[in-house]
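Every read-out reported here was derived from the displayed coordinates using simple, explicitly stated rules and does not represent laboratory data. Quick caveat, the model's predicted, so the values are computed rather than measured. Quick reminder, even Gly has a Cβ in these numbers, built from the backbone with ideal geometry, and neighbours come from all protein chains shown.
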Amino acid sequence: MFLVIDLGFFGSNARKIADGGWFPLVIAGAVLAVMHTWKTGRNVVFERVYGGNVTEEELVTIARSQHVFRVPGAAVFMVGSPKGTPLALLHHVKANRCLHKTVVLLSILTEDQPTVPAANRLRLREIGEGVWRATGHYGYMESPDVSDLVSLIKEAGLTIKAQSATYFFSREMVMTGGNTGMWEWEKGLYSFLIRNARPAKDYYNITPSQIIEIGLPVQL
């Protein structure tokens with residue numbers, strides 16, 4: 001019904017396109033292309049990074065392995081999905097052969113409401129072998145504060161200090177030439193957008209000296 005009305009308005013003004021009406025249409029098309037490319041690219045990257053995740057049971061087996069040395073302290077791995085195991089953690093274990101005694105897989109979820117009550121801010125669950133999964137819930141009018149979440153985690157009984165914990169982030173390094181369903185120009189545009197986007201670590205109120213970024217090459 002709305003399409004019929006809109007097409008009527010569009011048809012009555014169609015002859016203005018040649019007299020300059022093409023300019024706002026070009027702007028709208030460019031904005032739509034950027035938005036569609038960003039959403040498609042993020043979905044592809046999310047699937048590549050989290051689609052073949054190690055299960056929680058396998059993660060417990062890795063943490064229990066005699067070949068992985070457990071070092072004192074706490075590590076917080078920022079992950080985009082509240083399921084599975086982040087690749088950043090697996091790369092860290094593979095490269096360093098060690099894991100902190102307390103490991104928190106922390107996800108931030110934005111709810112479809114302006115604010116979230118303090119009582120519903122944090123969900124914490126033990127996976128095993130010193131590994132925990134935490135989910136912070138925020139409204140779309142709120143700014144996530146990881147330091148505040150870590151304080152809540154400490155109040156729940158974990159041995160962790162916000163000032164001394166190490167925070168691990170994954171940094172996707174997007175490359176073109178893959179076999180995804182995106183057009184080649186979309187791959188190039190998304191690669192440009194992700195290089196110039198503000199990194200996620202800047203949004204969470206974390207001291208920069210406590211952050212470690214692990215590069216994850218992703219081919220589109």
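The dipole here belongs to the chain: it is taken about the Cα centre, uses +1 on the Cβ of Lys and Arg and -1 on the Cβ of Asp and Glu, and is about 480 debye. Ranking Ala119, Trp185, Gln66 by Cα position along the charge dipole of the chain, where only Lys, Arg, Asp and Glu carry charges on their C-beta atoms, puts Gln66 farthest toward the positive end. Computed from Cα atoms, the angle from the helix 184-196 axis to the main principal axis of the chain rounds to 60 degrees.
At q = 0.11, 0.23 Å⁻¹, what log₁₀ I(q)/I(0) does the stretch 1-113 have when each alpha carbon counts as one equal point scatterer in the Debye sum? For the stretch 1-113, the Cα-only Debye profile gives -0.59, -1.26. Extending 7 Å from Cα along the Cβ direction at Ile212 and again at Leu90 yields two label points whose distance is 1.8 nm. Taking the chain as the reference, fit the longest principal axis to its C-alpha atoms, fit the long axis of helix 2-12 to the helix C-alpha atoms, and give the angle between the two in degrees, 0 to 90, nearest 10. With both axes taken from Cα atoms, the answer is about 40 degrees.
Mean residue ellipticity at 222 nm, helices only, the chain: -12000 deg cm²/dmol; runs of at least 4 DSSP H residues each add -39,500 (n - 2.57), and the sum is divided by the number of residues. Backbone geometry of the stretch 124-138 corresponds, through the Karplus equation with coefficients 6.51, -1.76 and 1.60 at θ = phi - 60°, to 3J(HN,Hα) couplings of 10, 9, 7, 8, x, 6, x, 9, 10, 10, 10, 10, x, 10, 10 Hz, x marking Gly and Pro. Ellipsoid semi-axes for the stretch 100-161, based on the Cα gyration tensor and the rule √(5λ), read 23, 11, 9 Å when sorted largest first. Averaging 1/r over each pair of different alpha-carbon atoms in the chain and inverting the result gives 20.1 Å, the Kirkwood hydrodynamic radius. The stretch 17-47 and the stretch 152-217 have Cα centres separated by 25 Å.
Taking the mean number of other Cβ atoms within 10 Å as a proxy for protection, how do you rank 23-36, 177-190 from highest to lowest?
Most protected by this proxy first, the peptides run 177-190, 23-36.
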